[in-house]
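Notes follow the structure.
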Amino acid sequence: MGLIMHVDMDAFYASIEQRDDSSLRGKPVIVGGTGARGVVATASYEARRYGVGSAMAMSKARQLCPNGIFIDGNHAHYEAVSAQLMEILGSFSPMVEPLSLDEAFLDISGLSRHHASPEEMGRAVKRRIFEELELVASVGIAPNKFLAKLASDLEKPDGLVIIREENVREVIRPLSVKRLWGVGKFTASQLAGLGITTIGDVADAPVEHLAKVLGKQAYTLKELADGIDKRKVEPVRKVQSVGNEETFATDIWQRDDIEKELLRLSEKVGGRLRRKGLFALTVTLKVRFASFSTVTRSVTLKEATQYDEVLYRTACELYGKVCSDEPIRLLGITASHLTETEEVSLFESESDKKKKTLYRTVDALKARFGSAIITKANLIDTKEEHHDK
């Protein structure tokens, strides 16, 4: 029997903002277009208590929650965090199908043997996400995609729901017909006109009766209402991000030491990008302090890059935006929003050509003799007190 997991992050954009700025925690945070015609992208659960929801006009959200904290948001940063999320999910299953930045399906058929039970595997995924990203996810596990996605939404936030083959009917029949994929307000009103308000009602209705108002959609809804969904998880095999992070045996706090580590990380990430033939548009810096609090900062570049010095310069600029003198226990750099092509100018300078040649030469030497064969001068004689992860 197949087994599918659906992972859905709780209030993703708003939760990232609350994670990155502790002053926002416990407050109604609303992320989206803050202009006159803006729309809510995500509302924190504190804001949802006021009736604010996704896709709502921002003007309506301001009426419902006048004391809310309204944020334009940083989509590049959310993409970078999403790339980290997908990397975590990929460590649990090679079959991961992202649906959006904040949710994905995993085919875990046969993988549950690595865990005591499906519940334990679900808890392991949630725990890993929280430990590495400091964000909360809801997880649903079921025999197919429809049921797994439905399960992940039943006990939000921070939910973990398992729907087993033997209790599918018991779980889904009492639920509103709006829980079925493809049933919005208009379709729900059409079904209500037939006296159909629950999934069980759809399951019991003759398909010919449904088809009178729904047409071909009736056959799809009938299968879903019976808990049937034959679609497979279709993994996206394209690399989502390339990153490295290092945990130090001894916390660092001197600016020179921090910049040396950022340079070391930039070399590693740049090298991996070039080996994969990839260029990155988004760079994310991760800083974990001695107190275990974690900050991430991201920026989208004007031109995609795979060069160490650009990654290093960008990482240093991002670090300059981290306002803390607390000692650091971990640094990480992640390159995301990847492309296989570089924006090449028709008037490429001689210095650019020389730079490419130099990188090819250095990479070839490292590939043949090891990464220690050549390095930048200001990395020489630094203490090897870090743990590459």
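The values are calculated or read from the model by the stated rules, or taken from the named source; none is laboratory data. All values reported here derive from a predicted model rather than from experimental measurement. Every residue, glycine among them, receives a Cβ derived from its backbone with ideal geometry; neighbour counts consider all protein chains shown.
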Being touching a helix residue (DSSP H, G or I) at 6+ places or on another chain (Cβ under 8 Å) and part of a loop (DSSP other than H, G, I, E, B) narrows it down to one residue among V202, V233, V213; which is it? V233
Reported set for region 249-282 where residues are outside any helix (DSSP H, G or I), more than 26 Å from the chain's Cα centre (by Cα) and surrounded by fewer than 17 Cβ atoms within 10 Å (Cβ to Cβ) is A249, T250, D251, W253, Q254
Within the group R255, R275, which residue is out of contact with any Leu (no Cβ under 6 Å at 6 or more places or on another chain), in contact (Cβ under 8 Å) with a residue 60 or more places away in the chain and over 18 Å from E79 (Cβ atoms)? R275
Scanning region 283-324 residue by residue, the ones that are in contact with an Asp or Glu (Cβ under 7 Å, 6 or more places away or on another chain), buried (at least 16 other Cβ atoms within 10 Å of the Cβ) and over 30 Å from S15 (Cβ atoms) total 1
Among what's in region 18-46 and is more than 16 Å from H75 (Cβ to Cβ) and part of a loop (DSSP other than H, G, I, E, B), pick the residue that is nearest to the chain's Cα centre (by Cα). S44
Single residue of R113, R128, R62 found to be farther than 30 Å from L338 by Cα and either surrounded by 15 or more Cβ atoms within 10 Å (Cβ to Cβ) or modelled with pLDDT of 90 or more (or both): R62
Could you tell me whether E246 is at negative phi and outside any helix (DSSP H, G or I)? yes
Selection over region 163-179 where residues are under 18 Å from I4 (Cα atoms), surrounded by fewer than 19 Cβ atoms within 10 Å (Cβ to Cβ) and among the hydrophobic types (A, V, I, L, M, F, W, C) yields a count of 1
